[in-house]
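As structure tokens, the structure follows; a few thoughts come after it.
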Amino acid sequence: MPKHSAVVEGSNHIINDADHADIATLEVATPGASDIGKVHMVSHADYNSYWAVISSTAPRFARINTEIYNTVTTVNATPTTITSITLNDEETYIFEVRLIGQVGGDASDNTVIGKRFVYYRTSAGSATSLGSDDMFSHDSGGSWAATDLTVSVSTSTVSFQVTGIAATSIDWKIFVDVRKSF
């Protein structure tokens with residue numbers, strides 16, 4: 001199960017959650033002007049309750065950023081899903097992804113990949129890419145050129161996949177910063 005850390009926009013208060021697959025939005029009651037900047041319990045039907053700082057009087061959602069991390073081990077060059085995120089309809093997402101790969105616990109045999117992906121979903125359709133760019137890629141040499149971080153889309157779900165090296169056990173850890181439009 002992915003681990004999560006969410007920061008309510010405009011505050012330094014962190015919401016930690018290790019039990020749910022996605023805490024990208026937290027529904028809040030309509031706060032009044034006197035509630036801005038105060039810590040309140042916010043709740044969402046799917047996620048129990050969390051403490052957060054109210055940053056606006058908008059009635060829909062408190063805008064937050066989410067960081068998701070997860071791990072997987074590959075033993076061949078087959079793309080393997082390391083984490084998936086379901087997109088809400090009528091929203092645009094920026095995913096900044098950092099991936100660390102290490103051969104069998106050997107810190108001297110490793111790779112680090114950073115990429116940014118932008119997706120949106122509208123009219124209950126499939127997630128659509130607006131593009132991606134490589135932010136960085138560093139490795140310790142050897143066979144790492146064959147490894148990759150890609151995205152697979154299935155209707156409303158964006159899945160991040162890693163490709164390992166044939167006949168090599170690689171431990172992967174992914175960090176995904178999620179920012180969304182509303």
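Read-outs: derived from the displayed coordinates by stated rules, not from any lab. Keep in mind it's a predicted model, so treat the numbers as computed, not measured.
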For Thr71 and Ala166, compute 0.36 nm times the residue count separating them, minus their Cα-Cα distance, and round to one decimal in nm. 32.3 nm
Centroid-to-centroid separation of region 116-130 and region 83-98 [C-alpha atoms, Å]: 8
Taking the alpha-carbon set of region 83-125, what are its Rg and Dmax in Å? 15.5, 47
